[in-house]
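First up is the structure itself, then whatever we jot down about it.
Nothing in this text is a laboratory measurement; each read-out follows from the coordinates by a stated rule. Since this is a predicted model, take the numbers as computed values, not measurements. So basically every Cβ, Gly included, is an ideal-geometry build from the backbone, and we count neighbours across all protein chains shown.
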Amino acid sequence: MVYCFLADGFEEIEALGTVDILRRAGIDVVTASVNGKKTVTGSHGIEVSADIETLEDNIDFSEIECAVYPGGMPGAETLSSGENTVPVSVARYCYENDILLGAICAAPIVLGRIGLLEKKNATCYPGFENELKGAVTTSDKVVCDGNIVTSKGPGCTIDFALALVSKLKDEATALSIRKAMQCDE
């Protein structure tokens with residue numbers, strides 16, 4: 001099961017595009033609101049009904065195959081704050097158990113602030129590099145380092161999601177989806 005965490009102010013393209021591509025690959029994805037209600041409003045005013053409200057007892061940690069953190073502000077800030085401990089707890093659990101983590105745009109701050117990017121290669125939206133404590137930052141669109149995939153921003157969503165598909169399924173599935181979506185000439 002993949003959990004995609006949503007907080008008010010999330011970047012719609014990053015969250016919904018990633019969920020869409022993962023589901024095209026046949027991967028089970030649950031959108032999880034951290035707002036205490038199912039309705040979450042993106043940074044561009046689009047309201048989304050999440051699959052679940054994120055409470056510790058709504059997440060079966062033993063079923064987690066991947067956790068996804070979309071960017072957008074203040075969504076990424078909310079996901080990384082101490083007020084919403086479930087996304088941070090899930091990130092720590094995934095890291096400690098070598099489970100895939102994906103963070104795009106500003107959301108690598110969720111991982112960086114708690115030290116999960118220490119000595120890891122990572123990327124993020126320009127200007128957030130200092131929040132990635134101990135990371136070796138690049139300006140690449142997508143960076144994979146072990147069980148962590150980071151990406152630069154909304155325009156990189158397809159590449160980010162396909163990198164997750166490659167890790168959760170295989171490269172052939174990712175290439176098939178890329179081709180079906182007409183991403184290449």
>> Being assigned to a helix (DSSP H, G or I), β-branched (V, I, T) and either under 22 Å from I148 (Cβ atoms) or touching a strand residue (DSSP E or B) at 6+ places or on another chain (Cβ under 9 Å) (or both): is that true of I27 here?
In response: no
>> Looking at segment 131-185 only, could you name the residues that are touching a residue at least 40 places away in the same chain (Cβ under 8 Å) and part of a strand (DSSP E or B)?
In response: I148, V149, T150, S151
> In segment 30-58, how many residues are surrounded by fewer than 22 Cβ atoms within 10 Å (Cβ to Cβ), in a loop (DSSP other than H, G, I, E, B) and of a type in the set (A, V, I, L, M)?
Replying inline: 3
>> Could you go through segment 95-114 and let me know if any residue there is among the β-branched types (V, I, T), out of contact with any strand residue (DSSP E or B) (no Cβ under 8 Å at 6 or more places or on another chain), surrounded by 15 or more Cβ atoms within 10 Å (Cβ to Cβ) and not in a helix (DSSP H, G or I).
In response: yes
>> Among the residues of segment 66-94, what is the count of those that are in a helix (DSSP H, G or I), touching a Gly at 6+ places or on another chain (Cβ under 9 Å) and under 21 Å from V165 (Cβ atoms)?
In response: 0
